[in-house]
1. Being assigned to a strand (DSSP E or B) and surrounded by 24 or more Cβ atoms within 10 Å (Cβ to Cβ) is the filter here; which residues of the stretch B:404-427 pass it?
2. Working only within the stretch A:17-42, note down all residues that are within 18 Å of residue B:838 (Cβ to Cβ) and either exposed (fewer than 11 other Cβ atoms within 10 Å of the Cβ) or in contact with a strand residue (DSSP E or B) (Cβ under 8 Å, 6 or more places away or on another chain) (or both).
3. From (1) away from chain A (no Cβ under 14 Å); (2) touching a strand residue (DSSP E or B) at 6+ places or on another chain (Cβ under 6 Å); (3) more than 25 Å from residue B:872 (Cα to Cα); (4) touching a residue at least 60 places away in the same chain (Cβ under 8 Å), pick out the condition that doesn't hold for residue B:790.
4. Testing residue B:681 on (1) within 14 Å of chain A (Cβ to nearest Cβ); (2) farther than 30 Å from residue B:852 by Cβ; (3) surrounded by fewer than 21 Cβ atoms within 10 Å (Cβ to Cβ); (4) in contact with a strand residue (DSSP E or B) (Cβ under 8 Å, 6 or more places away or on another chain), one condition comes back false. Which one is that?
5. From A:188, A:177, which residue is within 7 Å of another protein chain (Cβ to nearest Cβ), under 14 Å from the mean Cα position of the chain (by Cα) and modelled with pLDDT of 95 or more?
6. Mind listing whichever residues of the stretch A:1-42 are touching a residue at least 12 places away in the same chain (Cβ under 8 Å), more than 8 Å from chain B (Cβ to nearest Cβ) and closer than 30 Å to residue B:814 by Cα?
7. Please work out which residue is farthest from residue B:72 (Cα to Cα), limiting yourself to the stretch B:3-42 and to residues that are part of a strand (DSSP E or B) and within 35 Å of the chain's Cα centre (by Cα).
8. Out of B:427, B:412, B:418, B:341, which single residue is farther than 27 Å from residue B:466 by Cβ and at pLDDT 95 or above?
């Protein structure tokens, strides 16, 4: 372990944490309830995010990840490994890169478990402060994505459970289909305000409710 | 004015819904379902515009996108002004306000028209160039007046309050055009389960079926349209887009569709459900297959004065009668080369008005439609054509003569037939624009007298665009195309049995691109080829005589096809005339190139929502709220919003920066350094990778230590720099410049993936994960001691070390590095906790007057120390040695590193390269201009060799004078010399060449 410096970013004392959207203003007309909204927007802030790098071909690596996370390692772009109950998911990002999302505060422990279970050439990096999750749901959520990204979100190409990393407006996002009309967008902190405003702007015509 | 040309029955308009509109200041009425053009014709408005060059009165000629004349300026308010609207494609709405785009003082009495009427002889092609050629210096003045006289409408002077947006689509089959072929194709593809998009530029789908005389399955064709649309609407993966023009066909079946969403409702987009809606939407479609079902456009005949209002396309006459219930005159003469044109006469006759004669260029016309005309006792004059129209603002008669097409001459005497409308049909040109947008040349088909698609991969032409004119053929072709497209997209295509359509016997058409006149073309009354650009047959003939023989030259010399209609009506006739005059065939003459967009669209539609605040992302650090609270002025650095300076009260920028500089030199300041790129590096070969990436050595950097590193491109030129910390033996935290972050990570991946995949190392951006707060100044240690839980003494925490600590209770990595030359600590915490730490710093820092400072102060402080900024001191042509940073280049490293080889080239070893120096103006008050060129002599002579330029220049409060960094040829050998620099006001400043390190050259201040 000594060849890598691990870091528990979380204070032991109670400290106010702020989501990247803490500064964001809503400049479009929004609805006061989800009733009749074409689009509902909800942030899942402050979750634990980790980047895992390693060799997919290495059986020990795959087994180790499964032991540490309790989820199989996805080996290609497509379905996200997910345990909704525990709030843990693993997504294939590139041939040697995965995104792990865990509940708030569990990033350090997750890293420790991975390091315990893995050996050889791999890397684990915490990026919990670097990104946030926006949930888009409702009958018009799909239209909002179509207004924002060039990827094909049709169920034939994007069934429930799938996740991709793609461009979103003039930034990027990890986009996952959680349900028929429910999507998760994982966006970078510094672009969060821009994307949030872009998405609300695109949602406005359908009636948008922002859940707090 | 009443709707005197409105028929009592028929058409697809709703006579129970009258609409008021205003044209050129006159209030008029039309009905729901009208276009502006049909409503104008219903009201008997003959003159809708003045022509572009000759200011001749012009009327509605066509019924669709091909209209060359009825181009109007739309809008009841200044902000709602839209130029360049084709009245034939503008749906009528209540309150519509339109004006003619040309005509002064108005279209009926136009002053320019005088010039135009003389212009028969005096305004040949190239008139302006020939007439206003000398003196050349006067051209700008001439142009001012010429511009005023020309043009098609004007831009609004107020900004557009409407919004526009984009939407992306993927589909199996995109079908362009919802006429018979397009609907058939949609049905075949839709029933096959394909994801289908069907778009059509008109208000209603159906195309020619909406004004067809024919029956489908024994019912009027329009009923079949309704049935098909109803079925398509039930298919979940079929998207129907009316009012949507396929404007651009791009590589790989990427097609841009332009949907007009509210322009049929009002001139500014009304709200929907109390919410904003976009006025127009650009659909960006990626289709596996594209079915072009764009049909064909009728060619007008080219005869004398064929532009006088009342001259119309035969098909347009039928459309106005059958679709809009408008008959655009009382007495009709039809001049045609084909059977299909007869429909105009039949529709006219059946509407109860007089058809004076059908003049058919063919010697022995026969066919079902000819028979139908004869059975109505309509006079058919064969072997003849209308050779000239009479009348000024409206046709009064048609001059008819027998013609010899082959010999291009009139035979025998002429006769004059009184009429107010002349309809003409010279055949049909397939609408192949979308097949030509990617550069594929169309192919001439002599049997069709038209060009067809040259064949575009992934694109299937069906129906009229494919030369399958008859309804029966068009339907059959459409069903086949739809099924084939679905199959090629990977679906199991179903076969659809085409509906029953009676066969129509058609006689063979003849080609007639220019009607001969009794006088030669050059002397005949103007025979217009391209009405929008006032191009005549004589103009084309003259152009070829003057040596412009290539069709591309003819186009540019005459303006043929240069209008906003891209010559939809005139191009083929014009090419054929050029071919005849140059004694070539049409395929030898060739075509000009069609380009997107098919019809003009607003810039707003192209921009979509990428405008105003959403034009470019603005990136914020987690401390943004703190900066706002402290009154920061911001500077955009890349896309980042960085505090520039923090004025107090009414302080000027200069005063604020001087104060912030002093605070750092004397007390303690705080900078948000979060925007610097951060890359986490893990793996057993991480150190080796750094050795190859950076110019300097990393082998001996121990955990707990930091080092400054310099990166070169493979050409040996500096590309980035930053401090990298060794977190553990196989674990590094790299920082890059703010602007270079993404590029450096790409660069690392590139080298790792392509050159050194054997190195076991991984990189990942952690820029956004950390917030970096730099506290710097003599009092920084005292402040840090108050917030951090570690020993921060000089012995326990020396310069260029890093420590893990809790700062205000939050875990942090603190890097003792300095970009100011003062005692500095860069506190890094996870971004979500940054505001807490920031508040604590300012709370504890109050007694030290902790001063927030911005990028401007940062620049001054680092320049005083001679620290370079990549991109300011460097420009991609500067080596480490040019910057005097030999100490940072490890030529002894065992393995080569990026740029090393290039740094051994004779050019990079030259001693007279531009090198970094300091410049001290002799006048201490002077602040040299950044970018100012350096010369060695005071006296100006020519040539005046330039020896370098200023890269950074500021006033230093701590030095008490202006100072600059500069790149100077052989600079390291010029210390103490006096050089000269010009300034913006023309004055020359003298400066002494000095070391670039102005402040604390021994570095004692940060080694405390």
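The values are calculated or read from the model by the stated rules, or taken from the named source; none is laboratory data. Note that the structure is predicted; figures quoted are calculated from it, not measured. Backbone-built Cβ (ideal geometry, glycine too); neighbour counts: all protein chains shown.
1. Those that are assigned to a strand (DSSP E or B) and surrounded by 24 or more Cβ atoms within 10 Å (Cβ to Cβ): B:421, B:422, B:423, B:424, B:425.
2. Of all residues in the stretch A:17-42, those within 18 Å of residue B:838 (Cβ to Cβ) come to A:17-23.
If the condition is that a residue be within 18 Å of residue B:838 (Cβ to Cβ) and either exposed (fewer than 11 other Cβ atoms within 10 Å of the Cβ) or in contact with a strand residue (DSSP E or B) (Cβ under 8 Å, 6 or more places away or on another chain) (or both), then A:19, A:20, A:21 are the ones that fit.
3. Result: residue B:790 fails condition (4) only.
4. (3)
5. Working: A:177 fails: within 7 Å of another protein chain (Cβ to nearest Cβ).
From the options A:188, A:177, the qualifying one is A:188.
6. A:1, A:6, A:21, A:24
7. Pass one, the stretch B:3-42, residues part of a strand (DSSP E or B): B:6, B:14-23, B:26-32, B:35.
Checking the rest, the ones that are also within 35 Å of the chain's Cα centre (by Cα) come to B:21-23, B:32, B:35.
Working: B:21: 13, B:22: 12, B:23: 9, B:32: 20, B:35: 13 Å.
Out of the qualifying residues, it is B:32.
8. When all the criteria are applied, what remains is B:418.
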